[in-house]
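Contents: one structure, followed by commentary.
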Amino acid sequence: MTTNPPKNQFASDNYAGICPEVWQALQEADSGYATSYGDDPWTAKACDALRDFFETDCEVFFVFNGTAANSLSLATLCQSYHSVICHDMAHVETDECGASEFFSNGTKLLTVGGKDGKVDLAEVEHTVKKRSDIHYPKPQVLSITQTTELGTIYSPDDLIAIHGLTKRLNLKLHMDGARFANAVAASQIQPKELTWRAGVDVLTFGGTKNGMPMGEAVVFFDKSLANEFDYRCKQAGQLASKMRYLSAPWFGLLKDGAILKHAGHANACARKLGDAISAIPGVKRVHPTEANAVFVQLPESTISALRDKGWVFYTFIGSGHCRFMCSWATTEADITALTNDIQKITDNG
Ligand SMILES: *Cc1c(COP(=O)(O)O)cnc(C)c1O
């Protein structure tokens, strides 16, 4: 089945195209021959750009998508008899088709609840401590998502508390940062403060949702954990032979702060959209808009009227409310058009 391309959409930031800085980097990398499988100057430059971004000597790998980045990094942190604790709405739990369990040969995900998409630390502790016998899959990793699936952000204080807990419980810390750039732009805090200084061992850093054609970086802040990760990528079909086209976009995106400019734009659009539509009677905001997603509750009749007008958006994320997701490519006109349509539907309601 093919679907006509949506004109009116707030479905996902992966509906957006390729941002200009990434196009330019691709074009520059597309000159002459280059050594394959990552042994090329573009990949070296991209790795260095990421080390600069995080202000540390980290180990970096480029893979095609987030599912691979998450599941391969979790698999590398675990033995098959271990478990990974995550939020019950975590992408690794709900949207990756069991990839973490598959690539780890059976490591179990144990879910916890928590308000607005953030893990409840008491539940994490309970999940670790409730059993210590050999019959229970041994907790090894806490995986958190930044920004969360519900568009919220773990603040530096949240991360300090999480780090305290993971140290105490001897858990590794994995961060699914499909929208990590949005978290950095929104909190205006150095990337290092949101990652390795906060105890993050491995970060899945998303490029796709912030202007790349595809691609995520797996960043190991604890370099010893990256041992043989290259074999894991290759075996999983995630080693690009023409690596320069997967790595050069990172160089383009990190150069001159383009990544934070685009993420900041997406966040600002969401703030504007959230403020505008939540002022309309019948529209109820259900999670704080802290990054680039707006979650609201709308009357069923409004939802179907919006769909009739051609609007595309998700209602299957989290607790089933409407999610309006902004991207680097969202325009003022998009925001006005959606706001006006919701207003009109409400007025005619
Ligand atoms: C989009 C997304 C991913 C990556 O998904 P892929 O489709 O595999 O690239 C991972 N985590 C979160 C929270 C996401 O929103």
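Does the stretch 59-67 contain at least one residue that is closer than 19 Å to residue 236 by Cβ, within 16 Å of the ligand (Cβ to nearest atom), surrounded by fewer than 20 Cβ atoms within 10 Å (Cβ to Cβ) and hydrophobic (A, V, I, L, M, F, W, C)? The answer is yes, given that some residue of the stretch 59-67 is closer than 19 Å to residue 236 by Cβ, within 16 Å of the ligand (Cβ to nearest atom), surrounded by fewer than 20 Cβ atoms within 10 Å (Cβ to Cβ) and hydrophobic (A, V, I, L, M, F, W, C).
Restricting the first member to the stretch 88-114 and to residues that are farther than 23 Å from residue 235 by Cβ, and the second to residues that are among the charged types (D, E, K, R) and in a helix (DSSP H, G or I), the beta-carbon pairs closer than 7 Å and six or more apart or on different chains are 111/93; 112/123; 113/123; 114/123. All of 279, 258, 268 fail the test of being out of contact with any Leu (no Cβ under 7 Å at 6 or more places or on another chain) and more than 27 Å from residue 91 (Cα to Cα), apart from 279. Within the set 248, 240, 183, the sole residue that is surrounded by fewer than 24 Cβ atoms within 10 Å (Cβ to Cβ) and of a type in the set (A, V, I, L, M, F, W, C) turns out to be 240. With respect to the conditions (1) free of Cβ contacts under 8 Å to residues at least 60 places away in the same chain; (2) crowded, with 22+ Cβ neighbours inside 10 Å, residue 271 falls short on a single one, namely (2). The set of residues from the stretch 334-349 being part of a helix (DSSP H, G or I), in contact (Cβ under 8 Å) with a residue 24 or more places away in the chain, under 15 Å from residue 298 (Cα atoms) and open to solvent by 40 Å² or more (accessible area, probe 1.4 Å) comprises 343, 346. Taken as a whole, the condition of being assigned by TED's automatic domain parsing to the domain that holds residue 25 and within 30 Å of residue 62 (Cα to Cα) applies to residue 241. Every listed requirement among (1) touching a Phe, Trp or Tyr at 6+ places or on another chain (Cβ under 9 Å); (2) open to solvent by 40 Å² or more (accessible area, probe 1.4 Å); (3) of a type in the set (Ser, Thr, Tyr); (4) at pLDDT 95 or above is met by residue 319 save one, (4). For the stretch 274-311, filtering for residues that are within 17 Å of residue 188 (Cα to Cα) and open to solvent by 20 Å² or more (accessible area, probe 1.4 Å) leaves 2. In a residue-by-residue description of the stretch 205-223, the property of being at pLDDT 95 or above, acidic (Asp, Glu) and either within 16 Å of the ligand (Cβ to nearest atom) or within 13 Å of residue 43 (Cα to Cα) (or both) applies to at least one position.
Which is touching a helix residue (DSSP H, G or I) at 6+ places or on another chain (Cβ under 8 Å) and in contact (Cβ under 8 Å) with a residue 60 or more places away in the chain, of 185, 198?
Values: 198 fails: in contact (Cβ under 8 Å) with a residue 60 or more places away in the chain.
Going through 185, 198 in turn, just one is touching a helix residue (DSSP H, G or I) at 6+ places or on another chain (Cβ under 8 Å) and in contact (Cβ under 8 Å) with a residue 60 or more places away in the chain: 185.
Taken as a whole, the stretch 312-322 holds no residue that is touching a helix residue (DSSP H, G or I) at 6+ places or on another chain (Cβ under 6 Å) and in contact (Cβ under 8 Å) with a residue 40 or more places away in the chain. Looking across the stretch 69-128, the residues that are open to solvent by 10 Å² or more (accessible area, probe 1.4 Å), within 16 Å of the ligand (Cβ to nearest atom) and among the acidic types (Asp, Glu) come down to 88, 93, 95, 101, 116.
Against the conditions (1) more than 14 Å from the chain's Cα centre (by Cα); (2) within 16 Å of the ligand (Cβ to nearest atom), where does residue 184 fall short? Just the number, please. So residue 184 meets the others, but not (1).
The values are calculated or read from the model by the stated rules, or taken from the named source; none is laboratory data. Note that the structure is a prediction, hence the values are computed from the model and not measured. Neighbour counts are summed over all protein chains in view; Cβ atoms, including those assigned to glycine, are modelled from backbone coordinates with ideal geometry. Accessible surface areas use protein heavy atoms only, side chains included; no ligands, DNA or RNA. Shrake-Rupley method; radii C 1.70, N 1.55, O 1.52, S 1.80 Å.
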